[in-house]
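Have a look at the structure below before the remarks.
The values are calculated or read from the model by the stated rules, or taken from the named source; none is laboratory data. Note that the coordinates shown come from a computational prediction; the quantities given were computed from them, not determined experimentally. Quick reminder, even Gly has a Cβ in these numbers, built from the backbone with ideal geometry, and neighbours come from all protein chains shown.
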Amino acid sequence: MPNSFIGLQYKMEDNYRHAGLRKKLTELLVQKGISNQEILGAIATIPRHLFLDKAFVEAAYEDKAFQIGEGQTISQPYTVAFQTQLLNVERNHKVLEVGTGSGYQASVLSYLGARIFTIERQKKLHDKTKPLLNKLGFKNIKFFFGDGYLGLPAYAPFDRIIVTAGAPYIPEELIKQLKVDGLLVIPIDDQNGQKMKRIIKISDTEIKTEDHGDFAFVPMLQGKNW
C-alpha cells in the first residue's frame, strides 16, 4: 500500500492515482536537479494533497505553491526539496524549523529521520497543522507557537535550522542556537528579491555564508499573531 506510515483515518484519502502523480512529480524534481534519493522518496511518499484545501486537491502534485490561509503558502515541492537538500539532514539530527505553515516541510524532514522542533507565529495555522501531522503518524515533531526570530533557546543547540519565509536579515538568535559545524538555510531579502543562503557555523564567532540562487517566499514577520 502507498504511504503505509500514515494514520489509518487518512489511508482511504490517499490512493494509487495520487501515488502515480507523486512519481511524476519526483521525476520532474530530478530533471530540475534534486539528486538526494531520500528526499525524492519523501516527496514520492507523503500525501501532499492532504495538506491543502480540497479546492486544490486536483493540482496538489503540480510543482506550484498554494495559499493555505493567514497570508501563508505551502511552498512548491521543488523549493521544499531544494532547501532540504541544502540542509544535508542526517538521521537523528535535531532540526529547528521556523515557519510550520501547512506542515509539509516538517513532514519531509521527519520522513528523513530528523527530530523536528517547528515554530509558527500564526495561531490558526499552528492549531490546524499540529493535529494533522499527529494523525498522519509523524511522531518525531514537536510543535510550538511563537516568534521565529527568537527561535527556541530552551531546546538549543540545533544541528540544523531551516527558515521557510523571506527574512530581511539573518536573525542573530538563530545563529546562537546553531551548533558549531551546523547549517542554517534561510532566504534573505535583497534589492532584486530573495537569495537562498546557507550559513555554516565555523565557530562561536565565525560563520561562512553561501549563495544558492533566487527564490520567492512570503515575508518572515516578528511577534505572534493570535
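Of everything in segment 135-154, what is in a helix (DSSP H, G or I) and without any contact (Cβ under 8 Å) to a residue 60 or more places away in the chain? Give them in sequence order. Steps first, answer last, please.
Taking segment 135-154 first, the residues in a helix (DSSP H, G or I) are 135-136, 148-150, 153-154.
Within segment 135-154, 150, 153, 154 qualify.
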With criteria (1) in contact (Cβ under 8 Å) with a residue 60 or more places away in the chain; (2) more than 18 Å from the chain's Cα centre (by Cα), residue 160 comes up short on (2)
For segment 174-223, which residues satisfy the criterion of being outside any strand (DSSP E or B) and either within 19 Å of the chain's Cα centre (by Cα) or buried (at least 16 other Cβ atoms within 10 Å of the Cβ) (or both)? 174, 175, 177, 216, 217, 218, 220, 221, 222
Taking the criterion of being under 25 Å from residue 173 (Cβ atoms) and either polar (S, T, N, Q) or at pLDDT below 95 (or both), would at least one residue in segment 143-152 satisfy it? no
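Just wondering, is there one or more residues in segment 114-123 that are of a type in the set (Lys, Arg), within 30 Å of residue 181 (Cα to Cα) and touching a Leu at 6+ places or on another chain (Cβ under 8 Å)?
The answer is yes; a qualifying residue exists.
Please determine, by comparing only the residues of segment 128-147 that are out of contact with any strand residue (DSSP E or B) (no Cβ under 9 Å at 6 or more places or on another chain) and among the basic types (Lys, Arg), which one is surrounded by the most Cβ atoms within 10 Å (Cβ to Cβ). Let's see the steps before the verdict.
Within segment 128-147, the first condition is being out of contact with any strand residue (DSSP E or B) (no Cβ under 9 Å at 6 or more places or on another chain), and the residues that meet it are 131-132, 135-137, 139.
Adding the requirement that they be among the basic types (Lys, Arg) leaves 135, 139.
Values: 135: 14, 139: 8.
Ranking the candidates gives 135 first.
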When you scan segment 16-102 for helices (runs of 4 or more DSSP H) that lie fully inside it, which ones turn up with 2 or more residues that are of a type in the set (A, V, I, L, M) and surrounded by fewer than 18 Cβ atoms within 10 Å (Cβ to Cβ)? 16-31
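When segment 113-134 is examined, which residues are found to be over 18 Å from residue 220 (Cα atoms), aliphatic (A, V, I, L, M) and either assigned to a strand (DSSP E or B) or in contact with a His (Cβ under 8 Å, 6 or more places away or on another chain) (or both)?
Restricting attention to segment 113-134, the residues satisfying the condition of being over 18 Å from residue 220 (Cα atoms) are 113-116, 127-134.
From what's left, aliphatic (A, V, I, L, M): 114, 116, 132-133.
Within segment 113-134, 114, 116 qualify.
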Here's a check for you: in segment 196-221, which residue that is touching a Leu at 6+ places or on another chain (Cβ under 9 Å) and in contact (Cβ under 8 Å) with a residue 60 or more places away in the chain is nearest to residue 161 (Cα to Cα)? 198
So, of the residues in segment 116-127 that are crowded, with 19+ Cβ neighbours inside 10 Å and either among the basic types (Lys, Arg) or without any contact (Cβ under 8 Å) to a residue 40 or more places away in the chain (or both), which turns out to be nearest to residue 226 (Cα to Cα)? 121
If I filter segment 118-130 for residues that are touching a helix residue (DSSP H, G or I) at 6+ places or on another chain (Cβ under 6 Å), within 24 Å of residue 213 (Cβ to Cβ) and not charged (D, E, K, R), do I get at least one hit? no
